[in-house]
Every structure is written in structure tokens, then in C-alpha cells.
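**Q** Right, I'll just put the structure down here and ask away after.
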Amino acid sequence: MSVSLYGNGQTVIQVVYGSTTTQVATTSTSYVNTNITASITPQSTTSKILVQVTASYDLGNASESFGFQVVRNSTVVFTPQGADGGGPLYTFINLSQEIIGPVAFSFVDSPSSTSSLTYTVQVRKRNGSSTVTVPTSQSAGTGTATIILMEISGS
């Protein structure tokens, strides 16, 4: 597929879609892999990879916090910064109940590679002892998480 973006000559070369309903539940303060993952093999070393992630979470105690990051193969390529600079941070203060909600983020990676690349979303607890589960649904059942990888020609 080739689509011109904003008339600047860049095109979408390929799109890879991955989804999962397999949940990962953790209390770990170290990042653990989720099943939100997809692989792409860029056609050029100058290509960029647009990564888009949508998921949902279930946090057992809303007075706690957790976060996400993305690794390409084994290299961390995206960690949105929380208020304390400690990585992606979802914090809910003075709430004593379970909380279920959505998360979505995107970023552009410049891998400079034509080898197969696997992007995996990781999750961790920041504090507390309750469990964070990804993905989930509003009824605390199984939800669907997706990851879309788009190779965009370099300029």
C-alpha cells in the first residue's frame, strides 16, 4: 500500500496489525511483557515506524499507580514520562476503589534497519500491592488490545 502523506512525498509502505485478548496481570515494579506485540520488517533503513497502541487496564486499587513502555526487540524505544520523570504514569489519588480504563498512545521510531523488528508493550506497577491487568473490559472481563505498525518512507 502506498499513500501520500500531506503531499511531502512520504508514503506508507506497509501496515502490520496485531491484537490480543490474552491478559497479563502483574504486581511487579519491574516492566513485564504484555501480549500486545507485532513484528515488521522495514524495506529501507531510512524508513520510520509509526507505532499506535490501544488497550485497557484494571487497577485493583486506584490509590496506586502503574505505567507502560515499548521495546523494539530488547531495546526500550518509548517511555512516556510521568509527573515524577519515572516513566509512564497513571496515578489515581484518594480513590479507594478498583478502576478500569482505557489507554492509547503513539510514537514514531527510527530503527535504521531492514531486519525483522518486534515491538512489545510492557507494563509495571509503580507502587502498592494490588494487581494491574492488561487488557481488560468495563465488566472486568477480557478486553482487546491492539498495536498497529506503519512503515513510512524516509525523506
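**Q** For Ala104 and Ser116, compute 0.36 nm times the residue count separating them, minus their Cα-Cα distance, and round to one decimal in nm.
**A** 1.9 nm
**Q** Please list the non-local residues whose amide H lies under 5 Å from the amide H of Thr11, H modeled 1.01 Å from N, same-chain partners needing a gap of 5 or more.
**A** Ser153
**Q** Another question, then. I'd like the Karplus ³J(HN,Hα) series for region 110-115: coefficients 6.51, -1.76, 1.60, θ = phi - 60°, whole numbers in Hz, and an x wherever there's a Gly or Pro.
**A** In residue order, the calculated couplings are 10, x, 6, 8, 10, 8 Hz.
**Q** Moving to a separate point now. Excluding Val32 itself, what net charge comes from residues whose Cβ is under 14 Å from its Cβ, given Lys and Arg +1 and Asp and Glu -1?
**A** +3
**Q** Now, a different point. Could you give each residue of region 37-44 its phi-based ³J(HN,Hα) in whole Hz, using Karplus coefficients 6.51, -1.76, 1.60 with θ = phi - 60°, and x for Gly or Pro?
**A** 8, 7, 10, 9, 10, x, 7, 9
**Q** For Asn33 and Thr11, what is the calculated FRET efficiency with R₀ set at 30 Å and r taken between the beta-carbons, to the nearest 0.05?
**A** Given R0 = 30 Å and the Cβ-Cβ separation, E is 0.40.
Here, each number is a calculation from the coordinates, and none is a lab measurement. Fair warning: this is a prediction, and the values are worked out from it, not measured in the lab. Neighbour counts run over all protein chains shown; Cβ positions are idealised from the backbone, glycine included.
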